[in-house]
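To start, the structure under review is shown below, and the notes come after it.
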Protein chains: 2
Amino acid sequence: MTDQPSQPTAAMIVIGDEILSGRTKDRNAGHLAERLDAVGIALREIRVVPDETSKIVEAVDHLRRLHTYIFTSGGIGPTHDDITADAIARAFERPLIEDPRAIDILEAYYARRELPFTPARRRMTRMPEGAGLIENRVSAAPGFIVDNVHVMAGVPSVFEAMLDAVLPTLKTAQPLTIKTIAADFGEGTFGDALAGVAENHPEVSIGSYPRHDGKRYVAEIVIRGRDQGNVDAAMADVRSMLENLAGVE
Amino acid sequence: MTDQPSQPTAAMIVIGDEILSGRTKDRNAGHLAERLDAVGIALREIRVVPDETSKIVEAVDHLRRLHTYIFTSGGIGPTHDDITADAIARAFERPLIEDPRAIDILEAYYARRELPFTPARRRMTRMPEGAGLIENRVSAAPGFIVDNVHVMAGVPSVFEAMLDAVLPTLKTAQPLTIKTIAADFGEGTFGDALAGVAENHPEVSIGSYPRHDGKRYVAEIVIRGRDQGNVDAAMADVRSMLENLAGVE
């Protein structure tokens, strides 16, 4: 598929020892991927890194220069192992401060719930100087934005709430037209013919995603492109290719 | 926690546009994380990259120098969009060949199933010259090993079968001792006390993993260390900390 230079791109950085140890399965990356795809932002990389400042800094520093938007998840809670705010401050070489707006939000939130605003809870107001806030309608403690980096929570319900708050602020694009067709054969059966179709339709991207259903391989063929007519033309060729193969088998 | 220089480390590279678009949820990274953790190999990074040669080459080239083992998933099937073998050959600057052992395996496999050995199926014998093979007991087409890079399938049942074949060949270490305790409070309640416990037990790593159960936060506290006695001592302090807090609430 030819490039779409105007399409915004994104990368995600998942901060989490618990994902890397297999203890927890990440759900935020898949959710982000779906939501971005729906608004025409191309998620181009996901990195899962450990809870280590240097690793977070390295990933942020590299990826923020390559993409329109960066999203991080995890490490902004109240415990000693929540070090994402420190890492983002270091990546941007900005001082880490207790944000006065975040203090106001959390003071009011804990007062309403008649809970003490402990030093641990106060950790959740720490962010690089000059950051923007991301609203958290689930549990108040805000995420934050520095430049193109959106720093969000790891708990899925909170991550999703923060993403709801962020999405309307992003530059979006016309989502690609995407058509999918199920192939009732393994890829080995249609691979040669599909390569021919792909060669005849360079203006779209044609992917094949195999599954093993326990007994045999089947696949889904996915056609993606900016122009509906091009996608439809390629789909027509894929469909007649599959019909021809069904006739032969 | 102090370093364990002898512990092997690993990184995973998931090759898949379908993961980045949200169409498919990756299951292989979580599976790999669990299996490596159980044999004392520390998974230190997961990267999901698109089906683009330059992106795969960049990730392989960077990560293989940092870790004992690299595992890739995806992009070794029979269709035109399966480009992982090409990328690995380029990363190692080796010629891409049709491996004679792989040809033998697949010729026999398709002959038994009375299927033609098409050019598409023959694509699955392509690998860098000098690669070792990874057995695939599910669907025959082998994965391959170049230096410390293990190139495996994206279909989960095949990925898992290949990992079964690879694991006994890896240098393992004593798995860490890991103890987990459920905290019936949010992190804000115990964060300060837990930071104190962590400071008193620098020889272990103490992580806190919050969940929002729909109504309130709870958490799991996980203690990891090489020495069982150290882990037990830290756990005793975490337990009495939680009991004290329960008495106060």
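Nothing in this text is a laboratory measurement; each read-out follows from the coordinates by a stated rule. What you see is a predicted model; the values in this text were computed from it and never measured. Note that each Cβ is placed from the backbone with ideal geometry, even for glycine, and that neighbours are counted across all protein chains shown.
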Determine which chain B residue has its Cβ at minimum distance from the rotation axis mapping B onto A, giving the value in whole Å. B:Arg47, 3
Which percentage, to the nearest 5, of the DSSP beta bridges contained in the protein assembly as shown is antiparallel? 60 percent
Label position 7 Å from Cα toward Cβ: report the copy-to-copy distances for A:Ile178 in nm, one decimal, ordered from shortest. 3.2
Using a label point 7 angstrom from Cα along Cα-to-C-beta, what distances in nm, from shortest up, separate A:Glu220 from the other copies? 2.9
Label-to-label distances across copies for A:Leu133, with labels 7 Å out along Cα→Cβ, in nm, shortest first? 6.3
I need to check one value: relative contact order of chain B, counting alpha carbon pairs closer than 8 Å and at least 6 residues apart, in percent. 18 percent
What whole-number distance in Å separates the alpha-carbon centres of region B:58-133 and region A:152-223? 22 Å
Are any of the pairs A:Lys25/B:Lys171; A:Lys25/B:Lys25; B:Lys25/B:Lys55; A:Lys55/B:Lys55; A:Lys171/B:Lys55; A:Lys25/B:Lys179 more than 22 Å apart by Cα-Cα distance, and if so, which? A:Lys25/B:Lys171; A:Lys171/B:Lys55
Note: chain A, point scatterers on Cα, Debye, no solvent; log10 I/I(0) at q = 0.11, 0.12, 0.15 Å⁻¹ equals -0.70, -0.78, -1.02
Scattering from the C-alpha atoms of region A:1-137 alone, worked out with Debye: what is log10 I(q)/I(0) at q = 0.10, 0.11, 0.22 1/Å? -0.39, -0.47, -1.37
Ranking of A:Arg90, B:Arg224 by count of other Cβ atoms within 10 Å, fewest first: A:Arg90, B:Arg224
Roughly what angle does helix A:156-166 make with the longest principal axis of chain A, taking Cα atoms, 0 to 90 degrees, to the nearest 10? 90 degrees
Could you quote the convex hull projected area for the protein assembly as shown, Cα atoms only and averaged over all directions, in nm²? 24.1 nm²
Using a Debye calculation, one point per C-alpha and no hydration shell, please list log10 I(q)/I(0) for region B:175-241 at q = 0.25 Å⁻¹ in order. -1.05
Against the longest principal axis of chain A, how steep is helix A:100-112, in degrees 0 to 90 to the nearest 10, with axes from Cα atoms? 80 degrees
Quick one: B:Thr72, A:Thr68, fewest Cβ neighbours within 10 Å first, how do they rank? A:Thr68, B:Thr72
What 222 nm value per residue comes from the helices of chain B, counting each DSSP H run with n ≥ 4 as -39,500 (n - 2.57) and dividing by all residues, nearest 500 deg cm²/dmol? -11500 deg cm²/dmol
